[in-house]
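*Asks:* Have a look at the structure that comes next, please.
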Amino acid sequence: MKECGNDEELKNKDLAFYSAGLNVWYVTRLEKDKSLLNLSVAGIGLLITLITTLGVKNFTEAMLFGLAILAFVITSITIVYIFGRNATHIENVLADSEEKDVLLEFLDSIASKVFIVGIVFTLLIGINSLNQSLQRESKDMTEQDNVKTMIETNTTSEKKSISGADKLKPKPASGSGSSQSGNSGNGGASSNSGSKTTGN
């Protein structure tokens, strides 16, 4: 009787452990699918927001946006189909009419891989946007340097172009003044000699 009681207790523990493990497994698989669905929908919303606010700069960026959105859309549709397929599969397992669903496993694999592809394309969009931003900043800095160089060059040219302006300043005519003084002196001397001659 004691051994039978122990065996029954052991079976009950095994059954409880199996039930708990099975429940955790189902919850984990369902949470994984829910997470993929939520993240895919959030990714689609984020990409559409970026397109409407920032716009698309070139063909490469447009292609990356399109591929990323397509990957998230495929993931979302696949997950929704998996939810419906899960219910059918559980019913078949409980009825002992089905043990393994190959299509369900394939869809699970596809959803995970396509979601990773969408994440990769989203990262590439971020890298491409960062690269374009750095290129624009570099171009703006180069243009500012060119403008600054042109201004400095023009200023230097103006300084050089008027550097001889001091030569145009009028100077006092010292030679002509002396000549005029000399002539006045000669004139006075001539007048005096004339006066003396008249007196004689």
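What follows is calculated from the coordinates using simple rules that are stated; it is not laboratory data. Quantities reported herein were computed from a predicted structural model and do not represent experimental measurements. Counting neighbours? That spans all protein chains shown, and the Cβs are built from the backbone with ideal geometry, glycine included.
*Asks:* By how many nm would the segment from Lys32 to Thr88 lengthen if fully extended, with 0.36 nm per residue of separation less the alpha-carbon distance?
*Replies:* Here the answer is 18.3 nm.
*Asks:* What is the calculated FRET efficiency for Val73 to Asn131, with r their C-beta to C-beta distance and R₀ = 35 Å, to the nearest 0.05?
*Replies:* 0.85
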